[in-house]
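Here it is, the structure, as structure tokens.
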Amino acid sequence: MLDIFPPLLIIDGIVLGLTLSLIAAGLTMIYGLAGVLNISHGELVIISTVTAAVLLQFGSPLPLALLAGLGAAVALSSFLERVVLRPIYGLEGEERVLLGLYITLALAIFLHSALVSTFPLAYLTLSLPIPTVSFLGLTFRTAQLLSGGIAATTLVALFLFLKRSWSGMAIRSLTQNEVGALICGVSVKRYRLLVFIIGGVLASSAGYIRGLVATVGPETGLEFTILALLVCVVGGVRSVYGTIIAGIVIGVVYTFLIAMIGTYLANVALLVFIMLLVLIKPYGIIGERW
Amino acid sequence: MTAQIRITRRNQLIAFITLCTVYIFLPLLFINTPYVVFIMTQMLFFTIFAYSFNFLFGFTRQLFLCIGAFAGIGAYITGILLRESIVGVVESVILSTLTVGFIGWFVSYLSVRRRLVVIFTGIFTLAITLAFNNLVIGLVDITGGETGFRVRLVSLGLLDSLPLYVRFYYLAAATLLTTAFISFYLLSYTKIGYAFRCIIDDEVSSGLIGIDVAKIKMITAVLASGLLGYAGALYGLFSQLITPSYYGFLSLDIPVQLIVILGGRATLLGPFIGSAIISILNEALKFLGPLTQVLYGLILVLLLAFFRNGIVDFVKRRIVPWFF
């Protein structure tokens, strides 16, 4: 049934899972702080990969293209926070969540159609010179190890940032208790923008990391969003650490499902798996009620 | 106060009868131009889908982002059963209705009983849309993959003497007007309607005065999903071709959401007005090709930001007071 040796599949799954965790961590932070479930988050991934791919086609050097892609994602993310989402910040409770979801959904559709129709062939693949590495009798692709390493480093950096730095503590305090944090003198407006920028950086790096092991096409944005959202649901929204664990779980399960029953059916099976998980543990693996 | 309500109800009844008359006689004007009737039939189907979405989202705040997937499941079940000649038309349409109703109930059960908030339903149903698309494209042997498959023309009994599109026009119109009438009756004269109106205003307080919010939500989900399955099956029979692109998120969900938001959430007249406007707009913008979807996304953002309550509410608040 399985053509590939299981440990390799597990590594594949972990790499995919870490990539999804990067996207989902941004989503979680934005939801926790701004109360917006950003459906257009997957499009941020695509914006940066498309920008990089187009620049590469025009012959620009790799670092410059990657930086430009990162810049594009950050710019879009800030634009989203400052301009597009402005109407919702005056609202409260469910109305706000709903409208935020809707506006970002509409923006996602807009970006998706615009990107797919303008750059239908802007696929990003970052190929590395050395294809494989042998270790303990197993052959690994360097790209996989590298991308897994980069993703893990980014997540550790995010973790340290949230735990140690002043801004990270401010973000966590705002997520836990907005009024209390306001009384302590933490500016919601400033950190909201910061969270969106961090989300943009994380999404864009997720796109590049995915580009190391696979091809990222302009039409995959919604799929990234949905997978990341499912990671959020499983991890418990508002919990960044839960998101990381959930990302790895979902990545591994998804990869095994793809190897066993094929890509198309794997999506359905994953959904059923998550439905069962939600039935058993409605608040996510270690998340809180939301 | 009661007098005022009665007057509005009478007005609503008059509006409903006018609507019936218009919908019955309109295609007779265009009986020699099948294309116009085709567009009008399509509009009717979209109005039915919008009615479902309006009940799910407008009245009970269950954000089902899988209208296309539900309609598609209905269409595929009916289409496949008919292609393989397993059962007759009526049985397969009933089976579609029941299956989709059951799926809707399950999703609603998960989100309502588990007390998960509105976005949970949104995420979940979005994932259902993705799963449906993958399933349809993946199971090429059964569903025909990207290209889909053709459905033979079915007999509609008494309507068979009419031209092709007019038959389905009347079938869809009958469904839509029945749905509208039943909803009107339920909302105006029954306890369920009372509960609906309470839930629109405030969910928590309606729970406090003894309305079983969870039950109402689940009943709505079953009925609205069943309607989606039924209308989806009919839509498949009408277009005689079932492909994933007809039931995709961009081609079905987005227009339906536009119709509901433009017409007015939680109103009975809203979907009629919204769908008429969107159909005309769609025809007028045909030359744009794939750019239409870009435009739809933009319109949706603008509508949500600045015109959230829709046309019906706008007329009620801004225009009617001029006359009284």
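Since every read-out is calculated from the coordinates, none of them should be taken as a lab result. Keep in mind the model is a prediction, meaning the values are calculated, not measured. Because the Cβ atoms are built from the backbone with ideal geometry, glycine has one as well, and the counts that use them run over all protein chains shown.
In what order do B:Trp322, B:Trp105 fall by count of nearby beta-carbon atoms within 10 Å, going from fewest to most?
Least to most surrounded, the residues fall as B:Trp322, B:Trp105.
Figure the gain on full extension for B:Val213 and B:Leu298 (residue separation times 0.36 nm, minus the Cα-Cα span) and round it to one decimal in nm.
Contour length minus the Cα-Cα distance gives 27.2 nm.
In debye, nearest 20: dipole of chain B around its Cα centre with unit charges on the Cβ of K, R (+) and D, E (-)?
860 debye
Rounded to the nearest 0.05, what FRET efficiency do B:Ala174 and A:Arg190 have when you use their Cβ-Cβ distance and R0 = 56 Å?
Step by step, r from the Cβ atoms, then E = 0.45.
Another one. Between B:Arg317 and B:Leu241, what FRET efficiency comes out of the Förster formula 1/(1 + (r/R0)^6) with R0 = 51 Å and r the beta carbon distance, rounded to 0.05?
About 0.75, to the nearest 0.05.
Can you tell me the length gained on complete extension of the stretch B:Lys286 to B:Val89, counting 0.36 nm per residue apart and subtracting the Cα distance?
Full extension of this stretch gives 67.6 nm more.
I need the per residue convex hull volume for segment A:142-290, using only the alpha carbons, in cubic angstrom as a whole number.
119 Å³
If all Cα-Cα distances of chain A are sorted into 5 Å bins from 0 onward, what percent lands in each bin, rounded to whole numbers?
Final binned percentages: 1, 6, 11, 16, 19, 17, 14, 9, 4, 2, 1, 0.
Here's something else I'd like to know. Where Rh is the Kirkwood radius over the Cα pairs of segment A:174-217, the temperature 10 °C and the viscosity 1.306 mPa s, what D in µm²/s does Stokes-Einstein return?
Roughly 128 µm²/s, to the nearest whole number.
Straight-line reach only, C-alpha to C-alpha below 15 angstrom: list the aspartates and glutamates that B:Lys217 could link to, leaving out same-chain residues fewer than 8 apart.
In chain and number order, the partners are B:Asp201, B:Asp202, B:Glu203.
On to the next question. Which chymotrypsin sites (Phe, Trp or Tyr not before Pro) in segment A:11-120 pass both tests, a DSSP loop state and at most 14 other beta-carbon atoms within 10 Å? List each step's numbers first, then the result.
Values: sites: A:Tyr31, A:Phe58, A:Phe79, A:Tyr89, A:Tyr102, A:Phe110; in loops: A:Phe58, A:Tyr89.
Counting only loop positions with at most 14 other Cβ atoms within 10 Å, the chymotrypsin sites (Phe, Trp or Tyr not before Pro) in segment A:11-120 are A:Phe58.
Give me the inter-chain shielding for A:272-280: mean count of other chain Cβ atoms within 10 Å, whole number please.
The shielding value for this peptide is 2.
Something else: In a Debye calculation with equal point scatterers on the alpha-carbon sites of the protein assembly as shown and no solvent, what is log10 I(q)/I(0) at q = 0.05, 0.07, 0.08, 0.11 Å⁻¹?
Values, matching the q order: -0.23, -0.45, -0.59, -1.10.
Once segment B:15-323 is represented by equal point scatterers at the alpha-carbon sites, with solvent omitted, what log10 I(q)/I(0) does the Debye formula produce at q = 0.12 Å⁻¹?
Calculated log10 I(q)/I(0) at the listed q: -0.81.
Given the Cα-Cα distance of B:Ile137 and B:Thr8 and 0.36 nm per residue of separation, how much length would full extension add, in nm?
41.6 nm
Just tell me, in residue order, which DSSP H segments of chain B are both 27 angstrom or longer along the helix axis (alpha-carbon based) and at least 0.5 in mean Kyte-Doolittle hydropathy.
TM-like helix candidates: B:2-29, B:34-53, B:89-113, B:118-138, B:164-189, B:213-239.
Sticking with this one: How large is ³J(HN,Hα), in whole Hz, for each residue of segment A:88-93 in order, when computed from phi with the Karplus curve 6.51 cos²θ - 1.76 cosθ + 1.60 and θ = phi - 60°, using x for Gly and Pro?
These are the phi-based 3J(HN,Hα) values: 8, 5, x, 8, 10, x Hz.
Something else now. Give, as a single signed number, the net charge of other residues whose beta carbon lies under 14 Å from the beta carbon of B:Pro271, with Lys and Arg counted +1 and Asp and Glu -1.
0
Let me ask something else. Give me D for segment B:1-111 in µm² s⁻¹, whole number, from Stokes-Einstein with Rh from the Kirkwood sum over alpha-carbon pairs, 10 °C and 1.306 mPa s.
In µm²/s, the coefficient rounds to 92.
Name the long-range amide H neighbours of B:Leu241: under 5 Å, sequence gap of 5 or more, or other chain; modelled H, no Pro or chain starts.
B:Val151
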